[in-house]
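Below is one structure; the comments refer to it alone.
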Amino acid sequence: MPFPPYHDPEVFLREQALCRNLGYLAHQLSAPAPGDCFPLDARDYAQLLVNDAGTYRRVSNICRHRQARILTEPANGKKLICPLHRWSYALDGTLLKAPQFDSCPDRSLEAAETTDWHGLRFDREPPEFDLESVDCDGRLSFTGMRYHSSSHTDYAFHWRHFLEIYLENYHVTPMHPGLTRFIDPNALEWELHPTCSIQKVGFSRKLKPDAGSREIYDRLAAALMKLSGGELPRYATLWTLFYPNLMIESYPYIRVISTVWPITPNRCRNSVEIFFDQSAHETHPEYFELFEEAYFETAAEDEAACQMLHEGRRTLETSGGFDDTLYAPLLEDGVRAFNEYLSEALNTRREQGNK
Ligand code: FES
Ligand SMILES: [Fe+2]
């Protein structure tokens with residue numbers, strides 16, 4: 001199967017379509033109470049996840065009067081009210097009132113039912129994979145978790161580089177001196193399935209829990225030991241990818257859901273939702289503060305790694321060159337599996353497009 005190039009406009013359109021096809025919206029923990037309306041980062045805030053008395057819908061966030069964005073922040077209420085001229089909508093999108101109009105125009109917000117997959121909400125069929133079947137001590141469960149925050153980062157590289165770095169541990173020792181104080185990149189187990197990969201990583205054997213250390217990961221280890229009563233879980237991290245672009249990461253007492261979006265061949269966006277174990281967060285908030293600091297330190301190092309791949313491949317491709325990838329045994333199994341999936345998926349899309 002030919003490897004798809006990174007800077008071919010026609011291939012790139014197929015990549016965007018493939019990523020949109022997954023249909024992930026948000027975890028329902030982002031709108032836990034009846035009346036909660038949550039603007040969707042992964043949809044550029046053009047849509048909301050709305051909890052209408054326990055029914056979760058995807059509702060347009062663009063007013064039917066003069067197309068203003070309605071909500072910029074999460075909100076709770078019995079109605080959606082556009083701040084600009086106060087058109088009001090029911091939570092199912094039905095227009096209720098248009099002030100000054102003699103009669104209410106027939107203009108509702110576009111709305112759609114959603115599907116549930118372990119609390120993650122989709123506007124299509126969810127992934128065909130039973131998360132409960134993964135042997136990981138329940139570490140992919142969201143039970144007891146509470147939504148903490150969401151954010152996104154725009155990057156100046158091709159979206160596939162984000163995943164190619166996410167899916168391998170070969171770069172961890174050279175690129176993440178801090179993280180390797182916490183995890184052992186060689187203590188790695190893979191589950192490679194047709195629709196996803198699961199990367200299970202153990203703790204560093206040189207773990208140095210030290211609350212007074214200058215190293216963030218030593219302080220994080222100390223806080224984790226305190227929180228867990230000295231009993232470390234089997235895995236430090238689980239990094240899963242549901243092809244093509246939905247990641248669920250598990251750290252002790254923490255879950256992170258990310259979706260990476262192709263914007264142009266030279267730009268992508270990563271949307272991140274963070275969830276904390278509710279009771280652990282109440283008793284040991286310091287662990288979670290340290291986690292956020294450590295997580296974003298590692299993310300900055302990954303950005304540098306992605307940028308290296310991007311620049312090398314961009315210059316090679318634009319000069320008409322080509323070189324093959326060699327995969328390191330075990331440590332790069334995930335990126336090899338993803339690239340095989342992608343080659344097939346993009347070729348299938350081309351064949352469908354040609355019919
Ligand atoms: S644009 Fe929303 S009410 Fe006018
Ligand atoms: Fe990394």
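The values are calculated or read from the model by the stated rules, or taken from the named source; none is laboratory data. Small disclaimer: the values here were computed from a predicted structure and weren't measured. Every residue, glycine as well, gets a Cβ built from its backbone with ideal geometry; the counts of neighbours run over all protein chains shown.
A few comments on the model shown:
- Considering (1) assigned to a strand (DSSP E or B); (2) over 21 Å from Trp261 (Cα atoms); (3) among the aromatic types (Phe, Trp, Tyr), the lone condition that Phe38 does not fulfil carries the number (2).
- Lone unmet requirement of (1) in contact with a strand residue (DSSP E or B) (Cβ under 6 Å, 6 or more places away or on another chain); (2) not assigned by TED's automatic domain parsing to the domain that holds Ile248 for Asp116: (1)
- Residues of region 39-74 that turn out to be over 25 Å from Cys19 (Cβ atoms), more than 15 Å from ligand 1 (Cβ to nearest atom) and among the hydrophobic types (A, V, I, L, M, F, W, C), as a count: 1
- Selected residue [assigned to a strand (DSSP E or B) and either on the phi > 0 side of the Ramachandran plot or among the acidic types (Asp, Glu) (or both)] from Glu164, Glu231, Glu189: Glu189
- Failed criterion for Arg66 (all others in (1) in contact with a strand residue (DSSP E or B) (Cβ under 8 Å, 6 or more places away or on another chain); (2) at pLDDT 95 or above; (3) among the charged types (D, E, K, R) hold): (1)
- Tabulated pairs, region 283-309, first closer than 17 Å to Tyr251 by Cα, second assigned to a helix (DSSP H, G or I) and not hydrophobic (A, V, I, L, M, F, W, C), C-beta under 7 angstrom, 6+ apart or interchain: His284/Lys226; Phe288/His281; Leu290/Arg219; Ala294/Tyr217
- Per the listing Ile254, Ile263, the residue uniquely over 25 Å from Leu131 (Cβ atoms) and either free of Cβ contacts under 8 Å to residues at least 40 places away in the same chain or away from ligand 2 (no atom under 16 Å from the Cβ) (or both) is Ile263.
- Residues in region 300-329 that are of a type outside the set (Asp, Glu), within 16 Å of ligand 2 (Cβ to nearest atom) and surrounded by 14 or more Cβ atoms within 10 Å (Cβ to Cβ) were compared, and the one that is farthest from Pro265 (Cα to Cα) is Ala305.
- Inspection of region 237-247 finds a residue satisfying the criterion of being polar (S, T, N, Q), assigned by TED's automatic domain parsing to the domain that holds His281, touching a residue at least 60 places away in the same chain (Cβ under 8 Å) and assigned to a loop (DSSP other than H, G, I, E, B).
- Residue under evaluation Val59, criteria (1) assigned to a strand (DSSP E or B); (2) touching a Gly at 6+ places or on another chain (Cβ under 6 Å); (3) assigned by TED's automatic domain parsing to the domain that holds Ser279; (4) not acidic (Asp, Glu), criterion not met: (3)
- The residues of region 157-182 that are closer than 18 Å to Ser343 by Cβ and away from ligand 2 (no atom under 11 Å from the Cβ), listed by number, are His158, Trp159, Arg160, His161, Leu163.
- Leading residue by the ranking (nearest to ligand 1 (Cβ to nearest atom)) among those in region 275-313 that are of a type in the set (Ser, Thr, Tyr) and under 24 Å from Tyr155 (Cα atoms): Tyr295
- Flag not set for Arg181, criterion: surrounded by 15 or more Cβ atoms within 10 Å (Cβ to Cβ), of a type in the set (Lys, Arg) and not assigned by TED's automatic domain parsing to the domain that holds Phe12.
- Flag: Asp44 matches the condition of being modelled with pLDDT under 95 and more than 16 Å from ligand 2 (Cβ to nearest atom).
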